[in-house]
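Below is one structure, written out as structure tokens, with a few remarks after it.
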Amino acid sequence: MKSARLKSAASTLTQWGAAHQLFWPLLTLALLLLVSVLVQPGFLRLSWVGGHLQGNLIDVLNRAAPLMLVSTGMTLVIAIRGLDISVGAVVAISAAVAALLIGGSVGAGAEQASRFPLGVAIAGALGIAAICGLWNGLLVVKAGMQPIVATLILMVAGRGIAQLITDGQILTVYYAPYFFIGNGYFAGLPFALIVAVLVALAVHLVLTRTAMGLFVRSIGINPVASHVAGVRSRLITVCLYVFCGLTAGVAGLIISSNVKSADANNAGQLMELDAILAVALGGTALTGGRFSLAGSIVGALILQTLTSMIYSSGVPPEVNLVVKAVLVFAVMLLQSPEFRRMVKRPHAHS
Amino acid sequence: MRIPNRVDSRFVPLIVTISLFVAMGTAGSVLYDGFFAPQVFLNLLIDNAFLCIVAVGMTFVILTGGIDLSVGAVVALTTMISAQLVARNGISPWLVFPLVLAIGALFGMAQGYLVQRFRLQPFIVTLAGMFLARGLCYVISTESISINDPVYSAIAQARVPLGGHASLSVSAIIALAVVAAGMWIAHRTQFGRTVYAIGGSEASARLMGLPVDATVVRVYMFSGFCAALGGVAVTFYMQSGYSLHAVGLELDAIAAVVIGGTLLRGGVGYVAGTLFGVLILGTIQTLITFEGTLSSWWTRIAVGALLFAFCLLQRLFATEGRERPPTSTAAPRSAGSPSVAHR
């Protein structure tokens, strides 16, 4: 009885899944959450402590915020057949600029002393991040380089630039107001999470309420045809790379604020890979055109849930990499028409 | 006039690379005392032997229009497996060498199969391969394992004298042998010609009846093998296995290949150029060491700037080729125009 009901439920689920892009990412996330609850019974418990929500779920959401941001930018770049593998380096640069502009030294009053006002430091970091994005975009559009190659340059040089800014040191920030970005709470929720959600919402609105979404899709599906049809594809491409740089910049602020320092070597390490993975997990085609912003957000959450789960289950955290690799292989194969055909063929016989 | 022109356009990137290397060497010799010594130049090879070995494998992958991001991780995995087997399990190094080389080749072959059979993007496949190999390193051990085996220390200390006070290490000689083998494979075998044909236009290569599928798999297999061999060279150099060995090596290898004049689109390039690409990267490091006042991160910035310059140069050649497609040998690969078969 039970199995029959389960079966019919499963078949409706698969029907719905075929129709809805978000089905598989959400199912994966739900399964991961289920496993997390099994590993750690109190996983879903939320409590109100000291004027804000606390719990493992909030923790996962909070830690996923930088990746959510970068994945948002990465989704748009991948949607127009691009790729930005320099985001990790941009995270490091943005963190370094912010820490440099705030400056700071140990001692009395250090918690309130900043070399420049907080707004200037943030604007400076984001400005540099946007310039990084602009550089990538111009290399792709003006110099006509392949996106991987164009962004590889900044990926290689970027960490060197970040180290140049920090003079090879890990810059520690003592200025208390800066900590709010990565550790603060607003209306009971982590501020970083709110920023990530707001950015994603804003992008969603721009994509759905203006012609932008259509433009992005058309460039991704056929750049030449959309150019001929009058879409300003070059301008849009540059803008999207700038936006991707900006999201990496915000992620850099959040990360450096969270750990109260800027580490040019390790901030945002492997971020580009995680972001691409999140985007792929979310059902965005890596060949451009078909994209899902919500999917990427879910993808980022999947990765963070996975990480948290592995941390709490007592397995060495480094094994995370193996699990991620298996995930990427699985997602890639599921997206490949050749693989689907190979799997479907035996079914056709029976 | 046609023939010299053709030769020119094919060799220009290589000539630029070699001239740059000579110029950097000359500048270093003029600026710094003791720079112009045979051993300084041989040290370039000794210190970058593993990079050179890995970059030769990478050259073939890039010539087909693909990319292999897993090489650094495969190097680390090789050092880890070697260290685990030799130092902890006491297995003879002479058994371990062929074993790790086979593992590297198999790893590359699996990636090549995924790329070829399921039409997956090489970038993503080898990215996942990188995760997998690094993760497997950590599964073996999260800490560094030192190798005290006499065979390793003997090979690490062995120097082949070249007259005067100059000498080469075993790894450097392996690197030179790999470069020579790579040149022979690229220019003198059917496999090599197929690699160039795939890079020029996969569709045309298929129409010509070339074994495209098998070649793609073998190219990744070769890259995996080279990465494992590079890993063996690293174990000689470092005498340890560690999960964090060779982090970012894939970027250096790609940079060496690009600076060596190989087009990232595939189809154009030389293994010999890659050797000079590696030497240029080594020279940058040596120059910065000799300068003394510059910090190590200038290396990365300089490599990035060089990459930028060479990519721009490549674009220049590619656009030139597009303007006069019938005469150019470096015609860019464009999907949907399989007119390359005009020969």
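Legend: residues in the stretch A:157-176 shielded by at least 50 square angstrom of accessible surface upon adding the remaining protein chains to the isolated chain (1.4 Å probe, heavy atoms) are A:L164. Across the stretch A:243-309, the relative contact order, built from alpha-carbon pairs under 8 Å that are at least six residues apart, equals 23 percent.
Calculated mean residue ellipticity, 222 nm, the protein assembly as shown: -23500 deg cm²/dmol, from DSSP H runs (n ≥ 4) at -39500 (n - 2.57) each, averaged per residue and rounded to 500. Restricting the calculation to Cα atoms, every distinct pair contributes to the Kirkwood radius of the protein assembly as shown, found to be 26.8 Å.
Within the stretch B:80-164, the trypsin sites (Lys or Arg not before Pro) that combine a DSSP coil assignment with at most 13 other C-beta atoms in a 10 angstrom radius are B:R119. Take each residue in B:245-254, count the other chain C-beta atoms within 10 Å of its C-beta, and the mean is 1. Rolling a 1.4 Å probe over the heavy atoms of the protein chains gives the protein assembly as shown an accessible area of 44 Å² per residue. For the stretch A:48-335, the carbon plus sulfur part of the accessible surface works out to 68%, probe radius 1.4 Å.
Of A:K324, A:K260, the order by accessible heavy-atom surface (1.4 Å probe, DNA, RNA and ligands excluded), from most exposed downward, is A:K260, A:K324.
Report the gain in length on full extension from A:W48 to A:F179: 0.36 nm times residue separation, minus Cα-Cα distance, nm rounded to one decimal. This chain segment gains 45.0 nm when fully extended.
Working note: Cα gyration tensor of the stretch A:193-325, eigenvalues times five, square-rooted, sorted largest first, giving semi-axes of 31, 18, 14 Å. Give me the one-decimal nm value for the distance between modelled label points at B:R193 and A:V206, 7 Å along each residue's Cα-to-Cβ direction. In this crude spin-label approximation the distance works out to 5.3 nm. Springs join every pair of Cα atoms under 10 Å in this Gaussian network model of chain B, and among B:G200, B:G57, B:G277 the largest mean-square fluctuation is at B:G200. Taking every residue in B:138-151 and counting other chain Cβ atoms within 10 Å of its Cβ, the average works out to 1. Under the rule a/c < 1.5 gives rounded, and otherwise a/b versus b/c splits prolate from oblate, where does chain B land using the Cα gyration tensor? Taking the square roots of the gyration eigenvalues as a ≥ b ≥ c, chain B is oblate. Taking the inverse of the mean reciprocal distance over all distinct Cα pairs, the Kirkwood hydrodynamic radius of the stretch B:169-262 comes to 15.1 Å.
Here the 3J(HN,Hα) profile of the stretch A:284-294, calculated from phi with Karplus coefficients 6.51, -1.76 and 1.60 at θ = phi - 60°, is 6, 6, 6, 8, x, x, 7, 9, 9, 5, 4 Hz, Gly and Pro shown as x.
Of all the accessible heavy-atom surface of chain B, with the other protein chains kept in place and a 1.4 Å probe, what percent is carbon and sulfur? Show your work: numbers first, answer last.
Details: 9450 of 14480 Å².
Carbon and sulfur atoms account for 65 percent of the accessible area of chain B.
For B:L294, A:L38, A:L57, the ranking by accessible surface with the largest value first comes to A:L38, B:L294, A:L57, using a 1.4 Å probe.
Using a 1.4 angstrom probe on protein heavy atoms only, the contact between B and A buries about 3700 square angstrom of accessible area, both sides summed. Listed by chain and number, the aspartates and glutamates whose alpha-carbon sits under 13 Å from that of A:K324, ignoring those within fewer than 8 places in the same chain, are A:D274.
For A:L139, A:L198, the ranking by accessible surface with the largest value first comes to A:L198, A:L139, using a 1.4 Å probe. For chain B, the relative contact order comes to 32 percent (Cα pairs under 8 Å, sequence separation of at least 6). What the phi angles of the stretch B:246-257 give under the Karplus curve with 6.51, -1.76 and 1.60, with θ = phi - 60°, is a coupling list of 6, 5, x, 4, 4, 5, 4, 5, 4, 4, 4, 5 Hz, glycine and proline written as x. Counts of other chain beta carbons within 10 angstrom of each beta carbon in peptide B:301-314 average 5. Each of A:V326 and B:L312 was given a label point 7 Å from its Cα along the Cα-to-Cβ line. The distance between the two points is 4.7 nm. What residues in the stretch A:310-331 lose 30 Å² or more of accessible surface when the other protein chains are added to their chain alone (1.4 Å probe)? Those residues are A:E318, A:L321, A:V322, A:A325, A:V328, A:F329. GNM remark for chain A: springs join alpha carbons under 10 Å apart, and the peak mean-square fluctuation among A:A280, A:A64, A:A211 falls on A:A211. For the stretch A:48-335, the percent of C-alpha pairs falling in each 5 Å distance bin, counted from 0 to the bin holding the largest distance, reads 1, 6, 12, 16, 18, 17, 14, 9, 5, 2, 1, 0, 0. From largest to smallest, the equivalent ellipsoid semi-axes obtained for the stretch A:13-93 from the alpha-carbon gyration tensor read 28, 23, 10 Å. Note on B:L176 and A:H227: with the Förster distance fixed at 35 Å, the Cβ-Cβ geometry gives a FRET efficiency of about 0.10. Highest mobility in the GNM of chain A, judged by mean-square fluctuation with C-alpha springs under 10 Å and restricted to A:E338, A:E272, A:E318, is found for A:E338.
The values are calculated or read from the model by the stated rules, or taken from the named source; none is laboratory data. Keep in mind it's a predicted model, so treat the numbers as computed, not measured. Every residue, glycine among them, receives a Cβ derived from its backbone with ideal geometry; neighbour counts consider all protein chains shown. Calculation scope for accessible area: heavy atoms of the full protein, side chains included, ligands and nucleic acids excluded. Shrake-Rupley method; radii C 1.70, N 1.55, O 1.52, S 1.80 Å.
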